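I have placed the structure first, in the form of structure tokens, so that the comments after it can refer back to it.
The values are calculated or read from the model by the stated rules, or taken from the named source; none is laboratory data. The shown structure was predicted, so the numbers you read here are calculated from the model rather than taken from an experiment. When we count neighbours, we look across all protein chains shown, and the Cβ atoms used for this are built from the backbone with ideal geometry, even at glycine.
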Amino acid sequence: MRLSEFSGKEIIGLDTGERMGVIGQSDLEINAATGEITAIILPESSFWGWGKRKEEVVIPWNAIVKIGPDMIIVGGLKANNQVAGK
């Protein structure tokens, strides 16, 4: 998959069903030695500053359940959209 195809996808929490953000508005954590993506880092607030999230959310790459044509489903989230174990 190319970055241009990946960047427009929405991130949805499997446990809450809520939209968490868009890849194009997020950062990716990349392992410099292997070049692999290790995490998606969502910014402090949602689109245009609207929303209730006050701190960034780090989603480990292994929390991704499914990458579909329009969205990415992530699991293992607590009720407040924080990744379990983080």
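Listing for the model above:
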read-out	value
Residue in region 23-60 that is modelled with the lowest pLDDT, counting only those that are touching a Lys or Arg at 6+ places or on another chain (Cβ under 7 Å) and of a type outside the set (S, T, N, Q)	44
Hits in region 1-32 (condition: of a type in the set (Lys, Arg) and under 10 Å from the mean Cα position of the chain (by Cα))	9, 19
Pair list, Cβ under 6 Å, 6 or more apart: region 63-80 residue surrounded by fewer than 16 Cβ atoms within 10 Å (Cβ to Cβ) and assigned to a loop (DSSP other than H, G, I, E, B), other residue modelled with pLDDT under 90 and not acidic (Asp, Glu)	78/84
Whichever residue in region 4-37 is assigned to a helix (DSSP H, G or I) and in contact with a helix residue (DSSP H, G or I) (Cβ under 9 Å, 6 or more places away or on another chain) and, among such residues, is surrounded by the most Cβ atoms within 10 Å (Cβ to Cβ)	23
Unmet criterion (only one of (1) at pLDDT 90 or above; (2) out of contact with any strand residue (DSSP E or B) (no Cβ under 9 Å at 6 or more places or on another chain)) for residue 74	(2)
Scope region 1-22; condition among the hydrophobic types (A, V, I, L, M, F, W, C) and either within 18 Å of residue 56 (Cα to Cα) or modelled with pLDDT under 85 (or both); matching residues	1, 3, 6, 11, 12, 20, 22
Cβ pairs under 6 Å, 6+ apart, first in region 1-28 and under 15 Å from residue 66 (Cα atoms), second among the hydroxyl-bearing types (Ser, Thr, Tyr) and assigned to a loop (DSSP other than H, G, I, E, B)	23/7
